[in-house]
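For reference, the structure discussed in these notes is given below.
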Amino acid sequence: MIYFDNAATTRPDGEALQKAAQFTTELYFNPSAKYGGGFAVSKQMNAMREALLAHLNAVGKYDLIFTSCGTEADNQAIFSCGKRGNVVTTAGEHAAVYSACNELKNRGVEPRFAPVERDGSVKIESILSLVDEKTSLVSVVHVNNETGAVNDIAAIAKAVKAKNPRTVFHSDGVQAFGKIPFAPPPEVDLYSVSAHKIGGLKGTGGLFKRKGLALSPHIYGGGQENGQRSGTENTFGIAVFAYAAEKKFKTLKEDEIRLKTYREMLFSALDGEIFVRLSPENGSPYLLTVSAVGMRGEVLERMLWDRGLCVGTGSACSSKHRFSRVMTACGYGERVLDGVLRMSFSPATTEEEIKEAAALLNSTAKEFQRNTN
Amino acid sequence: MEKVIIIRYAEIHLKGKNRGYFERIFSNNLEKALKGIRHEIHRTSGRYLIADFDEERTDEIMLRVSKVFGVHSYSLGLLTENDEDSIFEAAKRVAPQSGTFKVETHRGDKHYPLTSMEISARIGGRLLAYDYELKVDVHTPAHTVYVDIREGGRALIFGTFVDGLHGMPVSTAGRGLLLISGGIDSPVAGYMMAKRGMTVELLHFHSYPYTNEAAKEKVVTLSKLLSDYTLVTKLTTVSVTHIQEEIHKNCAAELNVTLLRRFMFRIAERIALREGAGCLVTGESLGQVASQTLEGLTSSNAVVRLPVLRPLIGFDKEDIVAIAKKIGTFETSTLPYEDCCTVFLPDFPAIRPKLSFIEEEEKKLDIESLVEEALSSREVIRF
């Protein structure tokens, strides 16, 4: 099977799993325990924390709070920092941010959604025009998970802080971490990441927090993670995350260049009479979103699965709704929205897979046309 | 003294010389319904007793009995010797702590030395003397203690009658094949036929990949819910994907649904005959959608010889919904998975398709090979 749904989740990295196995065998102790075993686990866990921080050149500048997933990290950022006035975000956010911001309405905070461009990115001016002296938080996704558009969050954060220095800036970096070269400038206060998009396991995420920023916990209890996130740490998941990230960051640059070539190779091999491109050329090299205009993406997805190609339709987290909220916000009509397919890659993606996938996409779409027209 | 569940049956007493046959099936059905829970079923005249059962699962047994057709009413009670002291001991346990009550006696054993009135008076009197909080009210008591004197020196004492489902025991009225979709209506239609004693086999048509696995899984869930009543634990599925594609490519768009339904009926009849079913059952209700007009129904009937039973034909949607809610299928039926793909839906389906036009359009298709091909996609799911 050719697996091209890596933006939904990746296959866990075998080596990372093996290296981390010690946390399920001899090093199973609770990291909060006061005896030697607990201390040993805690020490290793903190070393991994440092290693993860180092990947973003954030050691000494940021803390990393381990969470259960990217969604939890996003929620903690929004509900901790969006407590008054208004919160500015975009129409292109993942549901983890979008729904949390909508919930703010029930808590007396006004969410403001900046429109997105055709490719899913947001313009600095669109954000700035919504920011005022009452804006407590701005949250902008780093890489749009449906189109792959990359927002220049460093520039956006700087502009936001220039307009209102008291505004907290958060970015959902789930589709960027380990894929796009990035080191947060001091204007970025919070940055959410997830392990299972880069070879880690589901159930592990993290929130980078600028040192000095006061955050309130989202989960209360035994005071783990400096009181910011209670609950016994998922040491095995954290270890897999750290080992997978270590591997991923090593090849980040070369992966980026190679996958960009593959992405273009795939698009140019697709039948131009059937597919239109929705992701921007300057977007993430890890994903290509197209539309088989007038066809039903969901049906194509199942046909392709049966033929050995696994692709996504829009955001897997919102697939119960017919049209993707984000793609609708990009301004496409029903016929384009119906046919959205997202191919997303990993470092393991090969040139042969790209060629075979292109052939399968073309032949399957033609078959769909023949059978339904 | 022993805890028992008393089951009284409905309608079977009407069946004269066939009564033994009906009772055997009814008893088998009870056994099937209680499968997996320790219990014994005893038949006494006019009643069944569930005895020696796993008392921790009493509620579950009562729930399962509540779904067996042919049950007129049932009660949780005590089985005891029929001497006055034993009856009183049992009555003490059934009687309320306080409030008004009466004792009502029924004598199944007419040789018992006391009359019903005498038994009620004596047991009532002893209960009053035993517990001063109780008061007798023979007209509108808050509680009734029922004493049922049975043959063989036994008596049943209980406090409530729970109304059963009534109807006829399933598998006493032939076998039918229900066309089950993921919607609200078809499970209700199956329930209605099972209520009259029919064994309701299940057939589901899907059009994967135009419909998804979740839609099929939903039908399996519905089938399981329905099996509490029908005791049938098997679902046959058939793919009509290629048929839909061929109709779409070759025939007039407004006849899409009409033609597809004719194929479904043809396939269903073949499967019915193989499974020994004597009729098809559908959840159609007159005029509910374009294919359920009189002309639509006629066009489907025209391709089969087996009778097609449509127990919901005169029901309004809200009547059907009420039953679906009662039998517990409504929630599953309304899950948002498409059971037919909108890719093939015409803008305006024909409301009154003429048979001659339908047959003309159908000539464009190789009916026999399409039916055979669909039959070869047949899968059987047991649950």
Could you give the nm distance between label points at A:T261 and A:K163, where each point is 7 Å from its Cα heading toward the beta carbon? 4.1 nm
Once you average over the residues of A:66-74, how many Cβ atoms of partner chains fall within 10 Å of each Cβ? 0
Accessible area lost on pairing A with B, both sides, 1.4 Å probe, Å² to nearest 100? 1100 Å²
Name the GluC sites (Glu not before Pro) in region A:11-92 that are in a loop by DSSP and that have at most 13 other C-beta atoms within 10 Å, would you? A:E26
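Would you calculate a helix-derived [θ] at 222 nm for chain A, using -39,500 (n - 2.57) for each DSSP H run of n ≥ 4 and dividing by the full residue count, to the nearest 500?
-11500 deg cm²/dmol
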Note down the Stokes-Einstein diffusion coefficient of the protein assembly as shown in µm²/s, whole number, using a Kirkwood radius over alpha carbon pairs, 20 °C, and 1.002 mPa s. 68 µm²/s
Quick one: how many lysine pairs does region A:103-225 have with C-alpha atoms less than 19 Å apart and a gap of 8 or more or different chains? Give me the count, please. 13
Would you check the accessible area of B:M117, probe 1.4 Å, heavy atoms only, in square angstrom rounded to 10? 150 Å²
Work out how much length A:E117 to A:E15 would gain on full extension: take 0.36 nm times their residue separation and subtract the Cα-Cα distance, in nm to one decimal. 32.7 nm
Excluding same-chain residues fewer than 8 positions from B:K326, which lysines have a Cα within less than 20 Å of its Cα? B:K67, B:K195, B:K218, B:K224, B:K317
So how far apart, in nm, are the two label points at B:Y130 and B:F357 if each is 7 Å from Cα heading toward Cβ? 7.7 nm
Which length gain, in nm to one decimal place, applies between B:V380 and B:Q97 when the Cα-Cα distance is subtracted from 0.36 nm times their residue separation? 96.5 nm
So if a site counts as exposed when it's one of the chymotrypsin sites (Phe, Trp or Tyr not before Pro), its DSSP state isn't H, G, I, E or B, and it has at most 13 other Cβ atoms within 10 Å, what's the longest stretch of chain A without one? A:36-219
What's the FRET efficiency of A:V276 with A:M1 using the Cβ-Cβ distance as r and R₀ = 30 Å, to the nearest 0.05? 0.70
Under a 1.4 Å probe, counting only protein heavy atoms, B:D131 has an accessible area in Å², nearest 10, of 30 Å²
First measure r as the distance between the Cβ atoms of A:S32 and A:N102, then evaluate 1/(1 + (r/R0)^6) with R0 = 35 Å and state the FRET efficiency to the nearest 0.05. 0.50
Count neighbours as other Cβ atoms within 10 Å of each site's Cβ, and list the trypsin sites (Lys or Arg not before Pro) in region B:29-75 that are DSSP loop with at most 13 such neighbours. B:K35, B:R38
Ratio of region A:70-208's C-alpha Rg to 2.2 N^0.38 Å, to two decimals? 0.95
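So which chymotrypsin sites (Phe, Trp or Tyr not before Pro) in region B:124-231 pass both tests, a DSSP loop state and at most 14 other Cβ atoms within 10 Å of the Cβ?
Details: sites: B:Y130, B:Y132, B:Y146, B:F158, B:F161, B:Y191, B:F205, B:Y210, B:Y229; in loops: B:Y132, B:F161, B:Y210.
Here the sparse-neighbourhood loop sites are B:Y132, B:F161.
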So for B:E23, A:E301, B:E318, what's the accessible-area order with a 1.4 Å probe, most first? B:E318, A:E301, B:E23
R0 of 60 Å, Cβ-Cβ distance B:H242-B:A142: FRET efficiency to nearest 0.05: 0.35
Report the equivalent ellipsoid semi-axes for region B:1-149 in whole Å, largest first, defined as the square roots of five times the eigenvalues of the gyration tensor built from alpha carbon atoms. 30, 18, 14
Once all protein chains are kept in place, B:R8 shows an accessible area at probe 1.4 Å, nearest 10 Å², of 30 Å²
Net charge near A:L52: determine it from the other residues with C-beta under 12 Å of the C-beta of A:L52, scoring Lys and Arg +1 and Asp and Glu -1. -1
Check which residues have an amide H placed less than 5 Å from B:T100's amide H, if you skip close sequence neighbours. B:K135, B:A142, B:H143
Largest first and to the nearest Å, give the Cα extent of region A:14-249 along each principal axis. 55, 33, 29
Where a label projected 7 Å from the Cα of A:K366 along Cα→Cβ would reach, residues of region A:274-290 with amide N under 19 Å: A:274-276
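Using a 1.4 Å probe and counting only protein heavy atoms, arrange B:E55, B:E31 so the residue with the most accessible area comes first.
B:E55, B:E31
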Shape category assigned to region A:28-80 from the gyration tensor of Cα positions, a/c cut at 1.5: oblate
If I model a spin label as a point 7 Å beyond the Cα along the Cα-Cβ vector, how far apart are those points for A:K250 and B:E118 in nm? 9.9 nm
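The values are calculated or read from the model by the stated rules, or taken from the named source; none is laboratory data. In this text, all values refer to a predicted model and were calculated from it rather than measured experimentally. Note: ideal-geometry Cβ built from the backbone for every residue, glycine included; neighbour counts use all protein chains shown. To get the accessible areas, we keep the full protein, side chains included, count just its heavy atoms, and leave off ligands, DNA and RNA. Shrake-Rupley method; radii C 1.70, N 1.55, O 1.52, S 1.80 Å.
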